[in-house]
Amino acid sequence: MSKFAEMLMKLRKERGLSQNGLSRSIEIPKTTISNWEIRGSFPSYEAINKLADFFEVSGDYLLGREDEFGNPIPKQKR
């Protein structure tokens, strides 16, 4: 599972959302969210921005490049 898939699933579950609930909230098809989480598909730049805005995190956090406090994560730990 990609770091992005892990982060997306973590954020979604922390907010008590199903894939369907997230889909309705951000107006992206449920199948797309499922593909991101399960099949390892990667979102577009626009989708990353939409997700970051919705979850109130940075795009780098979603991508596993920084922690929840905005500190960079060293490459060897990603």
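What follows is calculated from the coordinates using simple rules that are stated; it is not laboratory data. For clarity, every value in this text was computed on a predicted model and none was experimentally measured. Note: ideal-geometry Cβ built from the backbone for every residue, glycine included; neighbour counts use all protein chains shown.
Annotations for the structure displayed:
- Here region 39-78 is treated as a Stokes sphere of Kirkwood radius computed over C-alpha pairs; at 10 °C and 1.306 mPa s its diffusion coefficient rounds to 148 µm²/s.
- Mean Cα-pair separation over length for the chain, i.e. relative contact order, pairs under 8 Å, 6 or more apart, %: 31 percent
- Nonlocal amide H pairs with GLU66, under 5 Å, H built at 1.01 Å: TYR61, ILE73
- Looking at the chain, the chymotrypsin sites (Phe, Trp or Tyr not before Pro) that sit in a DSSP loop and have at most 12 other Cβ atoms within 10 Å of their own Cβ are PHE69.
- Of (i) 45; (ii) 34; (iii) 54, the label for percent of Cα pairs over 18 Å apart derived from the coordinates: (ii)
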